[in-house]
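To start, the structure itself, in structure tokens.
The values are calculated or read from the model by the stated rules, or taken from the named source; none is laboratory data. No experiment lies behind these values; they were computed from the predicted model shown. Positions of Cβ are generated from backbone atoms using ideal geometry, with glycine treated the same way; all protein chains shown enter the neighbour counts. Only protein heavy atoms, including side chains, enter the accessible area calculation; ligands, DNA and RNA are left aside. Shrake-Rupley method; radii C 1.70, N 1.55, O 1.52, S 1.80 Å.
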Amino acid sequence: MDRRKVLRFLGVSPALLTGFPAGAEKTPAGVSSSDGNAGDLITVMNPAIAGKLATRVPLVVPLDSLDNKTIYMVNLSWEGPDAANYFYEAMTQWLDQHYTGVKTIVKVTAEGMFGSDPSLLKAITASKADAAIVGVAG
């Protein structure tokens, strides 16, 4: 069944079924419609994406090796503040077994998964960390 055809047959706009209030605004006094008669105006929203794309930043050059590197592991608390700890512990053990002198630092963001944590970003930058693993859930 083609819902659009059914709605058109019934004389109903699909926009009315989205749950958003739809209504017409009255024509301001002294303004006439295109046919010369004062009437109701409908506000139409354009759902198209703006023509300007986000500024692109080039990717960082990959590290040759993780030997003697500092890696931050940032827990975004996706499933709770302790959800990713098992993963980070396992990753730390694996890195210790496969690379010499690798240092891992596990941190939990103060703002959670939807915020930013400027103090953590400053700490990572100040320590001159070589890499970061961010946003892994448990």
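Table for the structure above
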quantity	calculated
Loop trypsin sites (Lys or Arg not before Pro), region 32-121 (other Cβ atoms within 10 Å of the site Cβ: 11 or fewer; DSSP)	Lys52, Arg56
Difference of contour (0.36 nm per residue) and Cα-Cα distance, Glu79 to Ala129	15.4 nm
Heavy-atom accessible area ranking, 1.4 Å probe, most first, across Met91, Met73, Met113	Met113, Met91, Met73
Heavy atoms of Trp78: accessible area, 1.4 Å probe, square angstrom to 10	150 Å²
Partners for Lys103 among lysines (Cα-Cα distance below 17 Å; same-chain residues under 8 apart left out)	Lys69, Lys128
Whether region 59-138 is rounded, prolate or oblate, judged on the alpha carbon gyration tensor where a/c under 1.5 counts as rounded	oblate
Per DSSP, loop GluC sites (Glu not before Pro) in region 59-137 with at most 16 further Cβ within 10 Å	Glu79, Glu111
